[in-house]
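Data block below; observations after.
The values are calculated or read from the model by the stated rules, or taken from the named source; none is laboratory data. All of these numbers come straight from a predicted model, not from anything done at the bench. Methodologically, a virtual Cβ is constructed for each residue, glycine included, from the backbone with ideal geometry; neighbour enumeration extends over all protein chains shown.
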Amino acid sequence: MRHAGRFLAAGVMAAALVTAGAITYAVADGDASGADGRGSGPRTPSADSADAGFARDMTVHHQQAVEMSFVVRDRTDDEEVRRLAYDVAQTQANQRGMLLGWLDLWELPKVSADPPMTWMGMGGMPPGEDGALMPGMATDAELERLGSLRGRRAEVLYLQLMTDHHKGGVHMAEGCAARCEVGAERRLARTMVEGQEAEIDLMADMLRKRGAAPRP
């Protein structure tokens, strides 16, 4: 697809630029110790901590949102949808870079043998349907369909898929806000919740304008 090269280049650049900022932010914030006013704690999160699990899982979750946003920008000329897609791609690429930066800072692996969502105390999620690894993620078939549509049909499917994606992301971010120990990461998670809930409302309105609605 035409978007693939641009997506990869943008993702590499965003991760490179934001990683340095993420590391500086975490150290300057005093949260590399994990204490953040909660008493003594480990100097860095462990590989099986909520902090590490959220960082690993959300980088995968965000990557798909960035990819879908680049796809729809190539499938429509509607400025409202293109602007939303740009905002989603930029925001989530930046946040993804921060999470990867923290994993580098903590010297923790970016992948785990445990199933996704294990860190939320759910016992891990079983393999999702057709490539959907975590809550809200689109399946391979849905991504293929998005790439085959144009105009209003592409806009509606993107808005529906991204609404589901954001709902899953909010669920995960709320889990980090409740379980993560590193203050900077908890604050980022709360920012994700606020931002994605606002975009869910915006996308519901955009769908109504197009005679459609979020999927049940």
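Kindly check whether there is at least one residue in region 31-51 that is modelled with pLDDT of 95 or more, part of a helix (DSSP H, G or I), crowded, with 18+ Cβ neighbours inside 10 Å and within 20 Å of the chain's Cα centre (by Cα).
yes
When you look at Ser69, is it touching a residue at least 60 places away in the same chain (Cβ under 8 Å), surrounded by fewer than 21 Cβ atoms within 10 Å (Cβ to Cβ) and of a type in the set (Gly, Ala, Ser), yes or no?
Judged against the criteria, Ser69 is not a match.
Filter region 124-153 down to residues that are out of contact with any helix residue (DSSP H, G or I) (no Cβ under 9 Å at 6 or more places or on another chain) and modelled with pLDDT of 95 or more, then give me how many there are.
Residues that pass the stated criteria total 5.
So, in region 91-110, exactly how many residues are free of Cβ contacts under 8 Å to residues at least 60 places away in the same chain and over 11 Å from the mean Cα position of the chain (by Cα)?
Going through region 91-110 one residue at a time, the tally reaches 2.
Mind listing whichever residues of region 72-86 are part of a helix (DSSP H, G or I) and either free of Cβ contacts under 8 Å to residues at least 60 places away in the same chain or closer than 21 Å to Glu142 by Cβ (or both)?
Within region 72-86, Val72, Arg73, Glu79, Val81, Arg82, Arg83, Leu84, Ala85, Tyr86 qualify.
Restrict the check to region 135-151 and report whether at least one residue is over 30 Å from Ser46 (Cβ atoms), in contact with a Gly (Cβ under 6 Å, 6 or more places away or on another chain) and of a type in the set (Asp, Glu).
Yes - at least one qualifying residue is present in region 135-151.
Test Val60 against the stated conditions and say whether it is surrounded by fewer than 20 Cβ atoms within 10 Å (Cβ to Cβ), at pLDDT below 95 and either within 13 Å of the chain's Cα centre (by Cα) or in a helix (DSSP H, G or I) (or both).
no
Could you tell me whether Asp78 is farther than 27 Å from Val182 by Cα and surrounded by fewer than 22 Cβ atoms within 10 Å (Cβ to Cβ)?
yes
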